[in-house]
Amino acid sequence: MPNDSRPAVLELIGNTPLVRVSRFDTGPCTLFLKLESQNPGGSIKDRIGLAMIDAAERDGRLKPGGTIVEATAGNTGLGLALVGRAKGYRVVLVVPDKMSTEKVLHLKAMGAEVHITRSDVGKGHTDYYQDVAARLAAEIPDAFFADQFNNPANPLAHECSTAPEIWAQTQHDVDAIVVGVGSAGTLTGLTRFFKRVQPDLEMVLADPVGSVMAEYSRSGILGKPGSWAVEGIGEDFIPSITDLSSVRHAYSISDEESFDHARQLLRTEGILGGSSTGTLLAAALRYCREQTEPKRVVSFVCDTGTRYLSKVYNDQWMSDQGLLQSKHYGDLRDLIARRFEDGRVISVGPDDTLLTAFQRMRLADVSQLPVLEDGKRLVGVIDESDILLNVQSGDAHFRMTVTSAMTDKLQTLAPDASRAQLEAVLDRGLVAIIADASGFHGLITRVDMLNHLRRTLA
Ligand SMILES: Cc1ncc(COP(=O)(O)O)c(C=O)c1O
């Protein structure tokens, strides 16, 4: 059996396809997307995972049996885990807690050890993810801190692979590149390469609202950072490797616009990208439409959307976050997460079994269900404790009907009831049933109330 010391998967990193966007209005411009989602770890960060590990091996910072430590929003961790584990290293990652569950599960499946830390604290705080990683790297013997934010191998990876690929794939004819900034590796690497071969090329920044990057690139002023839900890009400080010298335009894109554009890209072109792809696409389209002369513009699908199925592509999560516009009634119906009139209610019928009710609760991640006769008339509500009470005496009781276990003495609130009346119901530990003469509208739980309060805060 051949035993090539280089794992086969490493040959799949880079050389990603470049496709022309054909179904969006790009004004006088031609827009191309480089599908970094096609890397084996699903993102652009496979490139730097490979480059940083190769460089550390070469200069002796990483020795056989060593440990790779990194602070990462997820994708860099996947790149490091993919390459590091394939080469036989232990991989320890510190991840902020706003990251999608899919990413964290993927990291663990790849064999990485994941430390979750707070995403609501900034540089200098003891729980800040990069400070936690630096501490771990100092504590673990033979640890190599990849430190993408300061590691020269990060921009070098883009200077030596991403940039020449774009140059070749555009037949040496490209006017602008739209990028986001996380560690600034992509921006800096591309800037260095194109300064040599095409000095007039414009770098265009796509930055989430709340990040300090766009304003800093325009005015040199470091504003106060806010928060944003897009993953992988946006910063609350300026990474040391940042080179803004070719940046000619910067667009601040809201979470709502980013998520909407990611979904549009899937609907119109069939390309499933992550949340930051929406930010980049929104900025690229704005740039393209503002031009008065034809230009050839490149941007990225930085990671795969399969990583965001529970977020960007999940209508329920989107509306809980206030990112999906739904009809506004000006009464308690605005607090219902799954409105009957929107066809979003998850319910059971009175003749369904307790097992069906339980499985439906698990699938939708809810603790109670309305019981609807003929799919519309409310006859009861069943919750986890109703099921538990009945099945404790024998699991055969899972086959009992919902009617026998549900609560049918229902106290309802009309949509125009007051907030105080709603709070009184929730304070008693009950779920509020919103219904009137026209029928059942939906349930309001404490979580719905919390989501509503958080949305109005934003
Ligand atoms: C998901 C994701 N990761 C990483 C990057 C690039 O980040 P960096 O600045 O660290 O090279 C981007 C850029 O758009 C991105 O969308």
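Here, each number is a calculation from the coordinates, and none is a lab measurement. Since this is a predicted model, take the numbers as computed values, not measurements. For neighbour counting, all protein chains shown are included, and Cβ atoms are generated from backbone atoms with ideal geometry for every residue, glycine included.
Could you put Arg6, Arg47, Arg263 in order, starting from the residue whose Cβ has the fewest other Cβ atoms within 10 Å? Could you put the intermediate results ahead of the total?
Details: Arg6 9, Arg47 27, Arg263 20.
Ordered by Cβ neighbours within 10 Å, fewest first: Arg6, Arg263, Arg47.
In a reduced charge model with +1 at each Lys and Arg Cβ and -1 at each Asp and Glu Cβ, the chain shows a dipole moment near 560 debye about its Cα centre. Over 29 Å between C-alpha atoms is what I'm after, so list which of Lys195/Lys311; Lys87/Lys311; Lys224/Lys311 land there. Listed pairs above 29 Å: Lys195/Lys311; Lys87/Lys311. The ranking of Ser310, Ser347, Ser393, Ser275 by Cβ neighbour count inside 10 Å, starting from the fewest, reads Ser393, Ser310, Ser347, Ser275. Over the chain, dividing the summed -39,500 (n - 2.57) contributions of all DSSP H runs of at least 4 residues by the number of residues returns a 222 nm mean residue ellipticity of -10000 deg cm²/dmol. This ranking places His106, His172 by how few other beta-carbon atoms lie within 10 Å of each, fewest first, which gives His172, His106.
Hull surface divided by four, with the convex hull built on the Cα atoms of the range 395-458: how many nm²? Can you show the working numbers first?
Numbers: hull surface 25.5 nm².
Convex hull of Cα atoms, orientation-averaged projection: 6.4 nm².
Its Cα gyration tensor gives the chain an equivalent ellipsoid, and the semi-axes of that ellipsoid, as √(5λ) in whole Å with the largest first, are 46, 27, 20.
With contacts taken as Cα pairs under 8 Å at a separation of at least 6 residues, the chain carries a relative contact order of 13 percent.
Between the residues Val83, Ala8, Met52, the greatest Cα displacement towards the positive end of the dipole of the range 1-146, with unit charges on the Cβ of Lys, Arg, Asp and Glu, is found for Ala8. Paramagnetic label reach from Thr101 (point 7 Å along Cα→Cβ; backbone nitrogen cut-off under 19 Å): within the range 358-402, residues 358-369, 384.
For the range 45-145, the direction-averaged projected area of the alpha-carbon convex hull comes to 5.8 nm².
Computed from label points 7 Å out along Cα-Cβ, the spacing between Lys63 and Asp331 is 7.4 nm.
Each of Met203, Tyr216, Thr277 was placed along the dipole of the chain (beta-carbon charges, centred on the mean Cα), and the one lying farthest toward the positive end is Met203.
The simple spin-label model puts a point 7 Å past each Cα toward its Cβ; for Asp416 and Gln316 those points are separated by 3.2 nm. Fully extending the segment from Lys108 to Asp342, taken as 0.36 nm per residue of separation minus the present Cα-Cα distance, adds 80.5 nm. Within the chain, the cysteines lacking any other cysteine Cβ closer than 4.7 Å to their own Cβ are Cys160, Cys302.
Quick one: in the range 326-457, what % of C-alpha pairs are over 19 Å apart? Please list the in-between numbers first.
Working: 4169 of 8646 pairs.
Result for the distance tail: 48 percent.
Once the Cβ-Cβ distance between Leu12 and Asp142 is put in as r, and R0 is 35 Å, what FRET efficiency do you end up with, to the nearest 0.05? Could you put the intermediate results ahead of the total?
Details: r = 28 Å, r/R0 = 0.81.
Approximately 0.80, to the nearest 0.05.
Compared with the alpha-carbon gap, the fully stretched path from Lys376 to Arg360 is longer by 4.0 nm at 0.36 nm per residue. Relative to the current alpha-carbon distance between Ser438 and Val121, full extension at 0.36 nm per residue lengthens the span by 109.4 nm.
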